[in-house]
Structure formats: C-alpha cells, structure tokens
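The values are calculated or read from the model by the stated rules, or taken from the named source; none is laboratory data. Keep in mind it's a predicted model, so treat the numbers as computed, not measured. Here the Cβ is made from the backbone with ideal geometry for all residues, glycine too, and neighbour counts use every protein chain on show. Note: accessible area is taken over every heavy atom of the protein model, side chains too, but ligands, DNA and RNA are not part of it. Shrake-Rupley method; radii C 1.70, N 1.55, O 1.52, S 1.80 Å.
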Amino acid sequence: MPGVLITIEGVEGSGKSTQLLRLSERLRHLDVPLVVTKEPGGTSLGRELRRLLLEPHSSGETWCADAELLLFYADRAQHLQRVIRPALEAGQVVLVDRFEDSTRAYQGASGVSEAALDRLNELVLRRLKPHLTVLLDMDPEVSLQRVEVRNLAYGAEFAETRFDQAALDFHRRVRNRFLAIAQAEPNRVALIPARDPMDQVASVIWSRVSALLRSAGFGVD
Ligand code: TYD
C-alpha cells in the first residue's frame, strides 16, 4: 500500500495527545495528505465500543480478559476496514493514537497470552505493521500524577476511566511491556523519553517522522 502508517503509544499521562496534536499540525501545515485517528473510537462503532470499554461498569461486574480483548479487536477490525486501509490505499499518511502495541501492553499486563494476541493479529491485521511507532516512555508514578492534575483541572471524558484507576503496579507492567516491544523491534519503534521538555520531545519525534516521510517520497522540507 502506498500510504504510511505511524502510531503513537505510551502510558497514560505521557503527553501522547499533546505531541500528536503538534505533529499533526506540522504535517497539515506542510500539506501532507493526513488522517489522524485513534483507538479505541476511530469509527462510529468504535465510539460506542470506547464508551463500553472505558466507562466504569455500573453493574460492578468485572469483565474477563478475553471479552475485553475481543472488544478492542472489534474496534480495530472496523477501524482498519473503514478508515486505516482505505487511507493507506489512497496514499495518505495515517497517524493513530494507540494501536496493536497498546493491546500487547495493556491486555498482556492483564494476563492475555502472546499466542492469543498473535492469532488475533493474523485474523485482523493480516501482517499490517506500522512503518513507525513513536513510544513516549515515562515512569507511571509521574505520568499518573499528571493524569490526576489534568482531570482535576479540565474534567475527564468519563469522570474516571477504568484504566486510569488501575493500580500503579499494573501501569508499571504496561510500561515494561512497551519497553520490551521497543527492544524487540528497534527499527520500527522510536523510544523517546517523555519527561524531557515538550519542545525537545516534539523535535525528536519530528526528526524520526520527517526522515520516514522523506524516504517515502513526501515533501516535508
Ligand atoms: P485514552 O483515553 O485514549 O487514553 P490515553 O489518553 O491515555 O491515550 O484511553 C484508552 C485506554 O484504553 C487506555 O487506558 C489504554 C487502553 N487500551 C487498551 O487497554 N488496549 C488497547 O488495545 C487500546 C487501543 C487501548
């Protein structure tokens, strides 16, 4: 496919949304044909699944890890079919806020096996891999404090999301899984320390993204 798929990943509060916004503004300014989207929630079905997945469950029933995994993959299947693949086929740059690595990190940390994830990927992704993944790395102890301050200042999408509430321990496991992915696939994953000043983080991201886009024939100078 002629397009370029770039994903951005990290623990909650790592500054992902801010950096994604800066990057997308810069690309738009350069007239790069761009689709900016996210998981879960990049389609109309996805927005319904996002609410189900992130809102605290009023019934108090806990979901088994496989049920949760399949809902994330229902979101991903629809998103790939309706948004990501068509945009890549049309030669666009697709920038996704969270993708497969989030499932490996979060659902992996909840006990889902690598084998189950591999099988689902075969079914849904069919060997599609991001050309570049920007991983914003931060100690969850710091990043979760940021989330708390942000929620107090601006209010949260759902008063509190289920994933933000999870214990610090869980977020540490998530971070370690992200780091393991970066170590296993250093060519795809750009591991970027997210505690550095925002402008510095943005310029490291830009150097990776612009190099990739230049090599794919997009004019970004
Ligand atoms: P979001 O509000 O997008 O979080 P953030 O602002 O930190 O990006 O919520 C997405 C949540 O869903 C986040 O806690 C990570 C989780 N998630 C998974 O557990 N598995 C997945 O496959 C994806 C895409 C997200």
Checking VAL149, VAL209 in turn, the sole residue that is away from the ligand (no atom under 16 Å from the Cβ) and part of a helix (DSSP H, G or I) turns out to be VAL209
Out of all the residues in the range 16-32, which are over 12 Å from the mean Cα position of the chain (by Cα) and open to solvent by 20 Å² or more (accessible area, probe 1.4 Å)? THR18, LEU21, ARG22, GLU25, ARG26, ARG28, HIS29, LEU30, ASP31
Checked VAL35, VAL4 against criteria (more than 11 Å from the ligand (Cβ to nearest atom) and open to solvent by 10 Å² or more (accessible area, probe 1.4 Å)); the one match is VAL35
Spot the failing condition for GLU55; the list is (1) among the acidic types (Asp, Glu); (2) modelled with pLDDT of 95 or more; (3) closer than 24 Å to HIS171 by Cβ, and only one is missed. (2)
Does any residue of the range 57-68 turn out to be in contact with a helix residue (DSSP H, G or I) (Cβ under 8 Å, 6 or more places away or on another chain), in contact (Cβ under 8 Å) with a residue 60 or more places away in the chain and open to solvent by 30 Å² or more (accessible area, probe 1.4 Å)? yes
Being within 13 Å of the ligand (Cβ to nearest atom), open to solvent by less than 10 Å² (accessible area, probe 1.4 Å), modelled with pLDDT under 95 and over 19 Å from ALA77 (Cα atoms) narrows it down to one of SER110, SER143, so name that one. SER143
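Here is a yes/no grid of residues against (1) free of Cβ contacts under 8 Å to residues at least 24 places away in the same chain; (2) over 20 Å from PRO56 (Cα atoms); (3) in a loop (DSSP other than H, G, I, E, B); (4) within 18 Å of the chain's Cα centre (by Cα):
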site: GLU122; (1), (2), (3), (4): yes, yes, no, no
site: PRO130; (1), (2), (3), (4): no, yes, yes, yes
site: LEU135; (1), (2), (3), (4): no, yes, no, yes
site: ASP169; (1), (2), (3), (4): yes, no, no, no
site: ARG173; (1), (2), (3), (4): no, yes, no, yes
site: ALA180; (1), (2), (3), (4): yes, yes, no, yes
Can you tell me how many residues within the range 70-89 are within 10 Å of the ligand (Cβ to nearest atom) and within 15 Å of the chain's Cα centre (by Cα)? 5
